[in-house]
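One structure below.
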């Protein structure tokens, strides 16, 4: 089946530093990747939609200068949390939508990255 | 805006019990509906989906029917197993081609005891 790899799975950083999270579709091409954020005991909240070769579309309330998204190829999207602060500590999850028409409405998810900012 | 409401957990059942996890939604258009499952340490996996009213999605003994009149998509399984212990998320999106991100419920943690 379709596999999405997310790296790292857990990262601890100091306040003020930047952290990059990678999301890769391992065995399929993804025209679109999505980034979600999950707070404890809360639902996943969509942060942004990333299309290969174009700028990401951010949801209302998400700071695009804070959360930089790059989707350089059909198999890789990155999320960089810039100048991280403790309030950015959260669980970040990516998903990828397959390019194949029959599976177009299905998103495949990575295992998530837990970010802890000290 | 669009939203999904599902019963809060944890839900604890004995093996072979009947399972129902309620899910209702609010949407401006005609959404596709999904159930995702997350096992410990793994990413969310699509369990089943339905794209129009009265469709029934089914997989691994689980099933859910898209009820437009009650805006619901309740998840059911006739006889649960310990291996079904996981967190279950109900979700919707409006993009028929999957262009939109998903709107999720808060998730229901299911614990099955032997």
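Okay, here's what the table says:
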item	result
Single residue of the stretch A:1-21 satisfying the filter (part of a strand (DSSP E or B) and within 14 Å of chain B (Cβ to nearest Cβ)) that is surrounded by the fewest Cβ atoms within 10 Å (Cβ to Cβ)	A:10
Selection within the stretch B:52-66 - within 21 Å of residue B:15 (Cβ to Cβ), surrounded by 13 or more Cβ atoms within 10 Å (Cβ to Cβ) and over 12 Å from the mean Cα position of the chain (by Cα)	B:61
Matching residues, the stretch B:33-45, being touching a residue at least 12 places away in the same chain (Cβ under 8 Å) and in contact with a strand residue (DSSP E or B) (Cβ under 6 Å, 6 or more places away or on another chain)	B:33, B:34, B:35, B:36, B:37, B:38, B:39, B:44
Qualifying positions in the stretch B:13-32 - in a strand (DSSP E or B), away from chain A (no Cβ under 11 Å) and buried (at least 16 other Cβ atoms within 10 Å of the Cβ)	B:13, B:19, B:21, B:23, B:24, B:25
Unmet requirement for residue A:63, which otherwise passes all of (1) free of Cβ contacts under 8 Å to residues at least 12 places away in the same chain; (2) surrounded by 17 or more Cβ atoms within 10 Å (Cβ to Cβ); (3) away from every other protein chain (no Cβ under 14 Å)	(2)
Total residues in the stretch A:22-46, condition part of a strand (DSSP E or B) and in contact (Cβ under 8 Å) with a residue 40 or more places away in the chain	14
Enumerated strands (runs of 3 or more DSSP E) restricted to the stretch A:75-118, each holding at least 2 residues that are at pLDDT 95 or above	A:76-81, A:90-98, A:113-117
Sole exception among (1) in contact (Cβ under 8 Å) with a residue 40 or more places away in the chain; (2) within 14 Å of chain A (Cβ to nearest Cβ); (3) exposed (fewer than 13 other Cβ atoms within 10 Å of the Cβ) for residue B:113, by number	(2)
Residue in the stretch B:96-107 that is at pLDDT 95 or above and under 24 Å from residue B:17 (Cα atoms) present	no
Enumeration of residues in the stretch B:67-108 that are within 14 Å of chain A (Cβ to nearest Cβ), more than 10 Å from the chain's Cα centre (by Cα) and in a loop (DSSP other than H, G, I, E, B)	B:94, B:95, B:96, B:97, B:98, B:99, B:100, B:101, B:102, B:106
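The values are calculated or read from the model by the stated rules, or taken from the named source; none is laboratory data. As the structure is a computational prediction, the values presented were derived from the model and not from experiment. Virtual Cβ from ideal backbone geometry, glycine too; neighbours counted across all protein chains shown.
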